[in-house]
Amino acid sequence: MNKIADTIQLIVGENEIQDNARKIARLAPDVMNELNVSDGDLIEVISQLTTKKFTCLALLPTDTSTGVIRLDRDARDTLGTVIGNKIFVKRADSRDYTELEGAKMNSPLFEGTGERSLEPRAAILIAGSCIDFENERHKIIDYLNTLEMEVHMRSDCKCYSEGKKTLGWDFFQISLSVQLVEKILQIHPEIDKQEGNTVEDRFVIWLSGRMKKKQLDYHLKISEIPYEAVTGFRLDPKNYHDTNERDNLK
């Protein structure tokens with residue numbers, strides 16, 4: 001294939017197991033920087049036969065390969081290419097994001113495939129703060145939608161104000177289904193390398209870092225479980241051997 005303007009030539013490589021049937025293309029971070037794309041952005045992959053769009057993700061941290069694009073068998077078959085062949089990649093046009101967002105609601109990947117359940121799902125609540133929440137809310141929702149697109153799943157993502165404002169800061173909550181977070185963890189094993197005590201903590205640290213790369217700089221943390229305002233110590237009778245010990249601690 002001859003060089004195509006505004007593209008980078010890469011060698012097709014085998015995909016990661018967790019990326020099977022997810023329409024994902026993994027690139028080296030330096031290639032992503034050259035294309036000016038981040039995780040979750042769309043790229044065009046150009047073979048001798050056709051051009052197709054894929055969601056771009058970075059190679060796993062343990063993958064030090066250079067000059068490769070990792071595609072699953074379905075993607076390779078669609079492109080008419082095989083492992084070892086050379087193809088070209090470029091950043092997708094901005095209008096492609098609008099087209100994909102409109103098309104995804106009717107895509108078979110989002111209906112009738114077990115990816116969506118009508119039953120209530122447990123949710124992870126994330127507390128956040130920012131300046132001018134009314135203006136920022138749609139940006140947060142748009143970004144949450146890109147997470148859904150990465151894993152080809154439609155969920156009930158929510159972002160709403162807590163109704164509090166302190167020194168110019170607005171406070172809000174993000175609600176993500178556990179099912180969505182589990183699927184994100186499957187294709188982003190680097191989340192588990194974040195410094196956090198729980199999986200939820202590590203996920204929020206990772207999410208905050210990714211959003212900052214998109215100039216979405218919010219203060220995020222796992223939402224604490226509400227508790228009653230009380231004074232003194234809250235004593236749990238189950239932790240005491242007898243009533244005398246409990247009375248002595250009062």
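The values are calculated or read from the model by the stated rules, or taken from the named source; none is laboratory data. This structure is a prediction, so every number in the text was calculated from the model and none was measured. Here the Cβ positions follow ideal geometry from the backbone for every residue, glycine too, while neighbour counts run over all protein chains shown.
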statement: Note on L207: of the conditions (1) under 22 Å from D41 (Cβ atoms); (2) part of a helix (DSSP H, G or I); (3) in contact with a helix residue (DSSP H, G or I) (Cβ under 6 Å, 6 or more places away or on another chain), unmet is (3)
- line: The correct count of residues that are within 18 Å of E14 (Cβ to Cβ) and touching a Leu at 6+ places or on another chain (Cβ under 6 Å) in segment 26-44 is 2
- request: Given the conditions (1) farther than 20 Å from A21 by Cα; (2) modelled with pLDDT under 50; (3) of a type in the set (S, T, N, Q), report the number of the one that S94 does not fulfil.
  value: (2)
- request: Output the number of the condition that S161 fails; it satisfies all remaining conditions of (1) part of a strand (DSSP E or B); (2) crowded, with 18+ Cβ neighbours inside 10 Å; (3) not β-branched (V, I, T).
  value: (2)
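Return a yes/no flag: does segment 169-184 have any residue that is outside the structural domain of D39 (by TED's automatic domain parsing), β-branched (V, I, T) and modelled with pLDDT under 85. Show your work before the answer.
As a first pass, look at segment 169-184 and keep what is outside the structural domain of D39 (by TED's automatic domain parsing): 169-184.
Cutting the leftovers down to β-branched (V, I, T) gives us 174, 178, 181, 184.
Still in the list and also modelled with pLDDT under 85: none.
No, segment 169-184 contains no residue that is outside the structural domain of D39 (by TED's automatic domain parsing), β-branched (V, I, T) and modelled with pLDDT under 85.
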